[in-house]
Amino acid sequence: MFGLRLYLSSFVKALDSTWSRGKGTRLRYRSLKKASQLLLQQTHAIEDAAAGVPTKYDDNAMPWTNHTQETEKIPNESSPQLSSHSHVAAVQSGRSSLALTRYLISVQFQFTVMALSLRAAASLATQPPGRRVASVVRATASPAALNTRNQRRSQNVSGEFFVDERCIDCATCRWMAPEVFKRVDGMSAVGAQPSSDEDRTKALQALLSCPTASIHTDKPARDILQVQNTFPLPIDDALPGVYLCGYHSEDSYGATSYLIIHPEGNIMVDSPRYTPRLVDKIEKLGGARYMFLTHIDDVADHRKWANELKCERIIHSGDVVDITADVEWKLTGNGPWNIGTDFELIHTPGHTEGSVCLLYKPLKALFTGDHVARSEESDDLNLFRMYSKQSVTLQLDSMRKLLDLDFVWYLPGHGYRVRYEDMQAKNLAIQSLLADYTI
């Protein structure tokens with residue numbers, strides 16, 4: 001089982017390292033990466049079951065139990081490749097080792113198909129200009145059918161603003177302008193047209209921040225330049241000097257980037273989409289001394305920003321791949337580490353091996369990357385396990401580290417930020433999350 005998990009983790013890292021090869025192949029990479037993460041999630045479920053840890057995934061916790069009615073060919077139980085997994089199924093009462101081994105064969109088959117698709121995508125990404133390379137992946141739609149730019153989703157209400165069919169459901173617009181945008185049928189849509197100047201400004205800020213440029217107005221907005229000048233955007237009066245960068249990047253699936261203004265040197269947390277107008281605004285605020293990268297998924301245009309701002313980048317060595325190999329400061333070990341006297345870096349593996357949170361101690365704010373965020377459906381915390389690359393046990397251990405830290409704000413890379421009344425309320429929320437995974 002460990003070998004299969006390691007193999008899948010390496011596949012996800014390979015996707016990360018080839019992500020920058022061209023936008024023409026990024027949709028293919030995203031699909032492969034999501035599929036590989038789902039398979040990896042399923043191997044986590046098997047490992048956790050073997051360890052006696054209950055699971056809480058969006059899909060069924062034990063996926064191999066759904067294969068009892070399948071008619072695939074029964075493998076040879078004496079196969080040395082599968083014999084080491086037979087003890088796992090014994091943990092599950094009423095589940096046969098035969099069902100588990102059949103499931104593992106299915107996983108290995110699916111992974112082989114993905115690896116072939118990755119090879120084809122990589123060859124297309126590196127081909128010389130003007131030269132066509134035959135693809136082993138059969139096209140499923142014509143280019144015209146894939147051109148969904150400006151195609152208004154039918155779920156939008158009528159009016160000036162609308163969302164097109166290219167939405168990737170990153171939820172950016174829904175937390176930036178909740179009065180306007182809603183989630184309908186798995187993607188964002190305009191649920192109500194802006195009813196005030198404030199709502200309109202928020203909607204235009206979401207339009208500019210949308211990673212896929214999926215938000216539009218029927219006619220060019222005359223006040224768009226004025227709204228562009230609102231970025232970086234102050235978050236809250238209780239967080240002086242902390243800004244939203246906006247301009248979310250598709251390369252990081254719409255992750256949020258922050259800018260912290262500090263007398264010892266400004267810090268950019270994760271990378272926004274590189275935009276000259278945003279560069280000018282950040283330089284007027286003093287630029288950035290550091291770019292702290294919470295983990296590999298949200299590095300986006302970090303090289304362009306580093307070259308422009310001349311900032312020192314920071315990432316954990318566990319998340320160093322081709323696209324982060326030139327990062328200046330690579331954290332090693334389990335930490336914690338410090339940036340000056342006001343910032344502490346906490347290693348929180350689980351989502352990725354090198355996930356690290358940044359604690360801004362004077363403001364009691366924790367920048368969490370993809371480690372944890374508030375759920376869109378409730379006030380509960382969510383680990384987003386379907387996207388994690390390591391076991392739930394490891395991610396829960398990382399959550400326990402947060403119990404001893406003095407903070408009341410969660411500022412996540414994805415999802416909704418949270419402010420608690422005090423540290424006790426913060427710890428109760430963590431303990432509630434931990435209880436969901438405890439027998």
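The values are calculated or read from the model by the stated rules, or taken from the named source; none is laboratory data. Everything numeric in this text was worked out from a predicted model, so none of it was measured. Methodologically, a virtual Cβ is constructed for each residue, glycine included, from the backbone with ideal geometry; neighbour enumeration extends over all protein chains shown. Quick note on the areas: whole protein, heavy atoms, side chains included, nothing else; ligands and nucleic acids left out. Shrake-Rupley method; radii C 1.70, N 1.55, O 1.52, S 1.80 Å.
Figures for the structure shown
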| read-out | value |
| --- | --- |
| Residues (at pLDDT 95 or above and either out of contact with any strand residue (DSSP E or B) (no Cβ under 6 Å at 6 or more places or on another chain) or among the aromatic types (Phe, Trp, Tyr) (or both)) located in the range 365-374 | Phe367 |
| Count of the range 264-299 residues which are of a type outside the set (A, V, I, L, M, F, W, C), buried (at least 24 other Cβ atoms within 10 Å of the Cβ) and part of a helix (DSSP H, G or I) | 2 |
| Close pairs (7 angstrom Cβ cut-off, 6 or more residues apart or separate chains): within 19 Å of Asp270 (Cβ to Cβ) in the range 218-242, among the β-branched types (Val, Ile, Thr) and outside any strand (DSSP E or B) anywhere | Pro232/Ile282; Gly241/Ile261; Val242/Ile235 |
| Residue within the range 237-244 that is modelled with pLDDT under 95 and open to solvent by less than 20 Å² (accessible area, probe 1.4 Å) present | no |
| Any hit, the range 412-422, residues being part of a helix (DSSP H, G or I), open to solvent by less than 20 Å² (accessible area, probe 1.4 Å) and touching a residue at least 12 places away in the same chain (Cβ under 8 Å) | no |
| Hits in the range 290-337 (condition: basic (Lys, Arg) and touching a residue at least 24 places away in the same chain (Cβ under 8 Å)) | Lys304 |
| For Gly286: the one exception among (1) at pLDDT 95 or above; (2) within 30 Å of Leu225 (Cβ to Cβ); (3) touching a helix residue (DSSP H, G or I) at 6+ places or on another chain (Cβ under 8 Å) | (3) |
| Filter result for Ser317 (over 20 Å from His302 (Cβ atoms) and of a type outside the set (A, V, I, L, M)) | no |
| Residue tally, condition open to solvent by 10 Å² or more (accessible area, probe 1.4 Å), at pLDDT 95 or above and over 14 Å from Phe343 (Cβ atoms), over the range 251-263 | 0 |
| Residues satisfying the stated conditions in the range 179-195, i.e. surrounded by 15 or more Cβ atoms within 10 Å (Cβ to Cβ) and either within 21 Å of the chain's Cα centre (by Cα) or assigned to a strand (DSSP E or B) (or both) | Phe181, Lys182, Arg183, Val184, Met187, Ser188, Ala189, Val190 |
| Residue in the range 150-178 that is farthest from Tyr253 (Cα to Cα), counting only those that are of a type in the set (D, E, K, R) and in a loop (DSSP other than H, G, I, E, B) | Glu160 |
| Residue that is open to solvent by 60 Å² or more (accessible area, probe 1.4 Å) and under 24 Å from Ser271 (Cβ atoms), where the choices are Lys361, Lys401 | Lys361 |
| Any chance Arg174 is under 25 Å from Trp409 (Cα atoms) and not hydroxyl-bearing (Ser, Thr, Tyr) | yes |
| Qualifying residue in the range 307-319 (condition: part of a loop (DSSP other than H, G, I, E, B), open to solvent by 60 Å² or more (accessible area, probe 1.4 Å), in contact with a Lys or Arg (Cβ under 9 Å, 6 or more places away or on another chain) and at negative phi) | no |
| Subset of the range 410-439 [out of contact with any strand residue (DSSP E or B) (no Cβ under 7 Å at 6 or more places or on another chain) and not hydrophobic (A, V, I, L, M, F, W, C)] | Tyr420, Glu421, Asp422, Gln424, Lys426, Asn427, Gln431, Ser432, Asp436, Tyr437, Thr438 |
| Count - residues of the range 231-273 that are within 14 Å of Met291 (Cβ to Cβ), under 17 Å from the mean Cα position of the chain (by Cα) and β-branched (Val, Ile, Thr) | 1 |
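Rundown of residues vs (1) over 21 Å from the mean Cα position of the chain (by Cα); (2) of a type outside the set (A, V, I, L, M, F, W, C), yes/no style:
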position	(1), (2)
Ala171	no, no
Arg174	no, yes
Ala177	no, no
Asn229	yes, yes
